[in-house]
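K.L.:
Okay, handing you the structure first.
No value in this document is a laboratory result; all are computed from the given coordinates. Remember, predicted model here, so these are calculated numbers, not experimental data. Note that we place each Cβ from the backbone using ideal geometry, even for glycine, and neighbour counts take in every protein chain shown.
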Amino acid sequence: MLSKIIAQSHIEHFAKWLNKAEKFVIVTHVSPDGDAIGSSLGLRHFLEMQEKTVQVIVPNGFPDFLCWMDGAKEILRYDKYSDFANKLIMEADVVCCVDFNCLKRIDAMAEAVSSSPARKIMIDHHPEPEPFCDITISHPEVASASELVFRFICRLGYFEDVTKECAECIYTGMMTDTGGFTYNSNNREIYFIISELLEKGIDKDEIYRKVFGSQSESRMRLMGHVLSNMKLFPEYHASLMTLTKKEMEEFHFIRGDSEGFVNMPLSIKGISFSAFIREDTEKPQINISLRSVGDFPCNQVAAAFFNGGGHLNASGGEVHGTMEEAVQRFYAALEQFKPLLTKK
Ligand code: 5GP
Ligand code: MN
């Protein structure tokens, strides 16, 4: 049995919408990851089973290794079809915001979502949600938005309507946001849910291979390059990796090729804080990913130095400046957070 973590009032509120609403739009965060796509498509499958018209809209593209999921090909990219997407968002009865909790995370889509007259629901697991939805289901203690979507569907009383395809999407998000159940994954109910998803016919080993085992040679070589340039700061238990556009070109970089790199230094004994700083491929900005193990708050570093935020152990942000400036900020962060970093 699953604990009833979602408030009954939210379930009842949404159940009323479900009775009346026809047109649903599901939106998720910029540079969507496995959880963003998995939770969006999982929710889409469920709503389609209820005979709703559903469109998933994302701010920009997502990696090839997520494209196998049922419904992925029909996802609408806002950066390519903004007029059509704006029309759908404005005409929707309900907009579902999954795997993000502040409008900044949906980039150029923020204006359309905030001004749409649609009812809005948030299903998310990041700390400190912004109040832009009528129903805010926010559970930072839950490992993935996909897990929350599963819990939401069950609480609405529709477990029977979870298809194999829906279950695959949900499993993918649960798996990717926990690094294949290697972090943030000690809640035993996660394994109860996996058992329920297996019951729906998913092949979890195959999903693992599709997501984590379908790399290109150039990604592997890029990984070697980035790792060989990695800097360690043993006193701070910290590491830094960087990637410039020039290096990306050299290694024929495609979207998603650097996914997961930031986690690798954490497998070095004594390293508990990892930063990965890279040039954006589309916009004139620098993106930062931060990861930690234990109680070091990456999200505080992201907020204080990189205009970002996120979870305690996984956060990110951006710098509108040069690579060199972003690296200098990282050094400043090491100094500011030195008491916490050198604690152990
Ligand atoms: P990633 O390193 O995979 O890009 O991001 C890791 C996590 O950090 C995301 O799941 C998200 O929670 C958070 N994050 C990344 N970028 C930002 C940002 O600009 N703002 C906020 N608030 N969170 C971010
Ligand atoms: Mn997530």
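K.L.:
So what J values fall out for the range 210-217 if you push phi through Karplus, 6.51 cos²θ - 1.76 cosθ + 1.60 with θ = phi - 60°, rounded to Hz, Gly and Pro as x?
P.N.:
Going residue by residue, I get 5, 8, 9, x, 10, 7, 8, 4 Hz, with x marking Gly and Pro.
K.L.:
Which one, A302, A143, A21, has the greatest fluctuation when you compute a Gaussian network model over the chain with C-alpha springs under 10 angstrom?
P.N.:
A21
K.L.:
Mean separation of Cα pairs under 8 Å and 6+ residues apart, divided by the residue count of the chain: what relative contact order is that in percent?
P.N.:
13 percent
K.L.:
Then there is this: Would you order D177, D280 from fewest to most other beta-carbon atoms within 10 Å of each residue's own beta-carbon?
P.N.:
D280, D177
K.L.:
Nearest 20 debye, what's the magnitude of the dipole of the chain about its Cα centre given +1 on Lys and Arg Cβ and -1 on Asp and Glu Cβ? Before the final figure, lay out the partial values.
P.N.:
On the way: 36 positive and 48 negative charges, 113 e Å.
In debye, rounded to 20, the chain gives about 540.
K.L.:
On to the next question. In nm, to one decimal, how far is the M90 label point from the H13 one, both placed 7 Å along Cα→Cβ?
P.N.:
About 2.7 nm, to one decimal.
K.L.:
Next up: Which chymotrypsin sites (Phe, Trp or Tyr not before Pro) in the range 53-123 sit in a loop by DSSP (not H, G, I, E or B) and have at most 14 other Cβ atoms within 10 Å of their own Cβ?
P.N.:
The qualifying sites are Y81.
K.L.:
Additional query: Can you find, among S3, G38, Y158, the residue sitting farthest towards the positive end of the charge dipole of the chain, where Lys and Arg contribute +1 and Asp and Glu -1 at Cβ?
P.N.:
Toward the positive end, the furthest listed residue is S3.
K.L.:
On to the next question. For the range 170-185, in order, what is each residue's ³J(HN,Hα) by Karplus, 6.51 cos²θ - 1.76 cosθ + 1.60 with θ = phi - 60°, in whole Hz (x at glycine and Pro)?
P.N.:
Couplings: 4, 4, 4, x, 5, 6, 6, 6, 10, x, x, 6, 10, 9, 6, 9 Hz.
K.L.:
Provide the net charge surrounding S214, with neighbours chosen by a C-beta distance below 13 Å and charges set as Lys +1, Arg +1, Asp -1, Glu -1.
P.N.:
-2
K.L.:
I've got another one for you. Out of L232, M220, T342, whose Cα points farthest toward the positive end of the dipole of the chain (charges: +1 Lys, Arg; -1 Asp, Glu; placed on Cβ)?
P.N.:
So the residue furthest toward the plus end is T342.
K.L.:
Which residue, R219, R209, R44, tops the fluctuation ranking in a GNM of the chain built on C-alpha contacts under 10 Å?
P.N.:
R209
K.L.:
Something else about it: Using alpha-carbon positions, what is the distance between the centroids of the range 145-161 and the range 236-313, in Å?
P.N.:
Here the answer is 32 Å between Cα centres.
K.L.:
Shifting gears a bit: Note down the relative contact order for the range 217-341 as a percent, whole number, built from C-alpha pairs under 8 angstrom at least six residues apart.
P.N.:
19 percent
K.L.:
For a quick check: sort K210, K245 by the number of other beta carbons within 10 angstrom, fewest at the front.
P.N.:
K245, K210
K.L.:
Taking the 0 to 90 degree range and rounding to the nearest ten, how far is the long axis of helix 8-20 tilted relative to the main principal axis of the chain, both from C-alpha atoms?
P.N.:
With both axes taken from Cα atoms, the answer is about 60 degrees.
K.L.:
Count charges around D177 for me, please; just the other residues with Cβ under 9 Å from its Cβ, Lys/Arg as +1, Asp/Glu as -1.
P.N.:
-4
K.L.:
Same structure again: What trypsin sites (Lys or Arg not before Pro) does the range 1-39 have in DSSP loop regions with at most 12 other beta carbons within 10 Å?
P.N.:
K4
K.L.:
Dipole magnitude of the range 1-145 about its Cα centre, charges +1 at Lys/Arg Cβ and -1 at Asp/Glu Cβ only, in debye to the nearest 20?
P.N.:
280 debye
K.L.:
So what's the net charge close to S82: Lys and Arg +1, Asp and Glu -1, counting the other residues with Cβ under 12 Å from its Cβ?
P.N.:
Charge balance in the 12 Å sphere: -1.
K.L.:
In whole Hz and in residue order, list the ³J(HN,Hα) couplings for the range 108-116 that follow from phi through the Karplus curve 6.51 cos²θ - 1.76 cosθ + 1.60, θ = phi - 60°; x for Gly and Pro.
P.N.:
Coupling constants for the range 108-116: 5, 6, 4, 4, 5, 5, 6, 8, 5 Hz.
K.L.:
Still on this model: Compute the acute angle (0 to 90°) between the alpha-carbon long axis of helix 34-49 and the principal axis of greatest extent of the alpha-carbon atoms of the chain; round to the nearest 10°.
P.N.:
For 34-49 against the chain, the angle is about 10 degrees.
K.L.:
When only C-alpha pairs under 8 Å and at least 6 residues apart count, what is the relative contact order of the range 188-268, in percent?
P.N.:
25 percent
K.L.:
Sorting V98, V25, V327 on the 10 Å Cβ count, fewest up front, what's the list?
P.N.:
Ordered from fewest to most neighbouring Cβ atoms within 10 Å, V98, V25, V327 come out as V327, V25, V98.
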